[in-house]
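In what follows, a structure is listed as C-alpha cells, so that the remarks can point back to it.
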Amino acid sequence: MPRAAILAFDGCYASSLGGFADILQVANSHLRRQQGASAALFEWRFVSLRGEPIAASNGLQLQTHKIGAREHYDLVFIPSLHYAGHRKFDLLLKAQPATCAWLTSQWSRGAWLAANCTGTFILAQTGLLDDRIATTTWWLERQFRTRFPRVELQMQPVLTEVDRLLCAGASASYLLQAIRVVERFCGPPIASQCAKSMLIDVSQTTQTPYVPLLADIAHTDAVVHRAQHWLQRNMSGSVRMSELAAELAVSERTLIRRFNAVLDQSPLTYLQHLRIEAARALLEASDQGVDQIALQVGYNDGSSFSRLFRARMGLSPGAYRSRYQSKWC
C-alpha cells in the first residue's frame, strides 16, 4: 500500500495538487479491477507544514494534515506554484527551510520525491538535486540555473528521474509525472491503462516543440536592440553579418561580442531562431508547403531548412505540422 503525501502551499495550482491525486485514484480503480480486494492501493493525504487550510491560486480552499517528523511516506509530491513575480517567489522559497528539511528526511528514509514545474525550485533548494540531472519549467530556466548552478539542468526532456527524484516541466506535465509514478509503483500495465482511460499522451517526452527559441530578455544595449530590429525586418532575405555590422557602424567582432554578452548567442544563431519561430507559426496556422515556407523565412533550399528545423525542434516540419497545427476552425 504506497503512502503518498501531496504537499500543499498557499498559491499552488489546484490542478496540479488535485490532479495528481485524481490519477492515483484512477490507478486504484484499475488495481481493484485487475487484482481484486488484495490489491495494494495508493493511499494519500494533503499535507502542509502547519496543517492549516491552504488557498490555491484560484481561491480553492483545501484542508491539510500537519506534516509529522515521525511519519514516513513512500512518495511526496510537490505541486507547481503560481509565479507572482521574482520578489514574491524569492520570499516563498526563503520561507521553506523546515519543508526542505522534512523532504530531505523523507528521501533519506526511502521516499520518492516528485516535483512539478515551479515546485522543482523547492526540491532543488533541499540540495538533493546537486550534481544530479533535473528539469524545470522552460520559462524559468535562467532563474533556476542562476539559483542552483550545481544542478545538471536539462531542458529537453519533460521528465527527469534519478535516485528517486522525479522532476517535471511546465505545470500540465504533472499528468505525465503521475503516470510515471504509477508505473514505478504498480507496473507498466496499470500505468498504461490509466493513461488510456484519461487520454494522457505519454508519447510527449520532450519539451522542445513547446519552448520558444527566442527568450524575452530585457536589456539596455542600444546596438543589440537595433540589430534585433534589423534582423526581424530583413530575415526573409539574404543576410550577411558584414552588412548588419556596417548598418550599425560597428565591427563584426564587436557585434558578435555584444550579442553574446547580452543574449548569450551570436547574431547568426539569433537570426536562425527568428526564422525557425516564423516557420513554426506558418506551419501551425497555414497549409503552405514546406518549401514555400522555407522561402518565406529566408531559406532557398528546402532540404537545408528541414534539417535545421529538425535539429532545433526535434521534429521534421511535416511532423511538427501534423502534431501542432490548429484544428479549431
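The values are calculated or read from the model by the stated rules, or taken from the named source; none is laboratory data. All values reported here derive from a predicted model rather than from experimental measurement. Note that each Cβ is placed from the backbone with ideal geometry, even for glycine, and that neighbours are counted across all protein chains shown. The protein model used for the area step is the full one, side chains on, heavy atoms only, and it has no ligands, DNA or RNA in it. Shrake-Rupley method; radii C 1.70, N 1.55, O 1.52, S 1.80 Å.
Within the shell defined by Cβ-Cβ distances under 10 Å, the residues around LYS66 carry a net charge of -1, with Lys and Arg each +1 and Asp and Glu each -1. Looking at the range 103-184, the accessible area is 37 square angstrom per residue; that uses a 1.4 Å probe and ignores ligands, DNA and RNA. Dipole magnitude for the range 43-130: about 240 debye, using +1 per Lys or Arg Cβ and -1 per Asp or Glu Cβ, origin at the Cα centre. P(r) tail for the range 126-236: Cα pairs beyond 24 Å make up 42% of the total. Where Lys and Arg each count +1 and Asp and Glu each count -1, what net charge lies around ALA39 among other residues with Cβ under 14 Å from its Cβ? Result for the neighbourhood of ALA39: +1. Simple rule: put +1 on each Lys or Arg Cβ and -1 on each Asp or Glu Cβ in the chain, find the dipole, and look at GLN272, GLN207, SER322; the Cα lying farthest toward the positive end is GLN207.
Compactness of the chain, taken as the C-alpha radius of gyration over 2.2 N^0.38 Å, stands at 1.17. For the peptides 173-180, 286-293, 99-106, the ranking by packing is 173-180, 99-106, 286-293, with the highest mean count of neighbouring Cβ atoms within 10 Å listed first.
Largest first and in whole Å, the equivalent-ellipsoid semi-axes of the range 157-220 read 29, 14, 8, each the square root of five times a Cα gyration tensor eigenvalue.
Semi-axis lengths, largest first, of the ellipsoid equivalent to the range 176-329 are 38, 20, 12 Å, with √(5λ) applied to each eigenvalue of the Cα gyration tensor. Of the accessible area of the chain, computed with a 1.4 Å probe over protein heavy atoms only, carbon and sulfur atoms account for 51 percent. About its Cα centre, the dipole of the chain is roughly 320 debye, where the only charges are +1 on Lys and Arg Cβ and -1 on Asp and Glu Cβ. Ranking CYS12, GLY51, GLY119 by how far each Cα lies toward the positive end of the dipole of the chain (charges on Cβ) leaves GLY51 at the top.
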